[in-house]
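A quick write-up on the structure given underneath.
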Amino acid sequence: MKKIFVTAIIVIVAMTITNVASAQCKNFAKKICKLELLPYVHDGIYNATVLSEGETAELYKTFYAGQEYRVTVCGDENLPPIQFQVLDAERNVLYDNKKHNYAKSWDFKLQSSKQLIISIQVQTSDELTDQILSGCVAVLVGFMNIENTFNQNK
């Protein structure tokens, strides 16, 4: 019985730590990364998680024809560079920020609606250390509001 109680406490603590880390990453995305979308309008979805160097994650998202988009990927400043690629359903690379000096954003417009994959990877640090670096990484998507475009052209 005591073993079950200890296991339950460990599970509760682990869930609490995960929820706290998730909330911190969401706040990081809101306060830091969302600014990278300007002048695009944020789609309202905060995709953020804790990643360590060498780890990867993928986000599947539908993008619509004729709409101008900006994808922004940012991470804690203590992390090594973050590579992101935008892939189509057949995993053909449409964009790779590594070829653009690890740019944080990519602006694009599609001719037809598609589900795309945003693949992110925290690069491995060049420094020799016993500690693996980890931190929040966020992927945000914005779209160009027609009213914003009209007002900018005045």
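The values are calculated or read from the model by the stated rules, or taken from the named source; none is laboratory data. None of these values were measured; they are calculated from a predicted model. Cβ sites come from the backbone with ideal geometry, for glycine too, and all protein chains shown count toward neighbours.
Residues checked against (1) of a type in the set (A, V, I, L, M); (2) in contact with a Gly (Cβ under 8 Å, 6 or more places away or on another chain); (3) surrounded by fewer than 18 Cβ atoms within 10 Å (Cβ to Cβ); (4) at positive phi:
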residue: Lys31; (1), (2), (3), (4): no, no, yes, no
residue: Asn47; (1), (2), (3), (4): no, no, no, no
residue: Glu58; (1), (2), (3), (4): no, no, yes, no
residue: Thr62; (1), (2), (3), (4): no, no, yes, no
residue: Asp76; (1), (2), (3), (4): no, yes, no, no
residue: Asp96; (1), (2), (3), (4): no, no, yes, no
residue: Ala103; (1), (2), (3), (4): yes, no, yes, no
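Under the condition of being over 16 Å from Arg70 (Cβ atoms) and surrounded by 14 or more Cβ atoms within 10 Å (Cβ to Cβ), the residues counted in the range 105-115 number 1.
Name the residues in the range 116-135 that are surrounded by 17 or more Cβ atoms within 10 Å (Cβ to Cβ) and part of a loop (DSSP other than H, G, I, E, B), would you? The one that is surrounded by 17 or more Cβ atoms within 10 Å (Cβ to Cβ) and part of a loop (DSSP other than H, G, I, E, B): Leu133.
For the range 146-154, the criterion of being of a type outside the set (S, T, N, Q) and buried (at least 18 other Cβ atoms within 10 Å of the Cβ) is met by none of the residues. Taking each residue of the range 24-48 that is in contact (Cβ under 8 Å) with a residue 40 or more places away in the chain and over 19 Å from Ser134 (Cα atoms) and looking for partners that are among the basic types (Lys, Arg) and in a loop (DSSP other than H, G, I, E, B) with beta-carbon atoms closer than 9 Å, six or more apart or interchain, yields Glu36/Lys104. For the range 97-134, the set of residues classified as modelled with pLDDT under 95 and under 24 Å from Lys26 (Cβ atoms) consists of Gln123, Ile132, Leu133, Ser134, listed by residue number.
Residues being aromatic (Phe, Trp, Tyr) and farther than 15 Å from Ser105 by Cα: count how many of those fall in the range 37-60.
Qualifying residue count, the range 37-60: 2.
Suppose we filter the range 71-90 for residues that are of a type in the set (A, V, I, L, M) and farther than 25 Å from Pro39 by Cβ; how many remain? Matching residues across the range 71-90 total 3.
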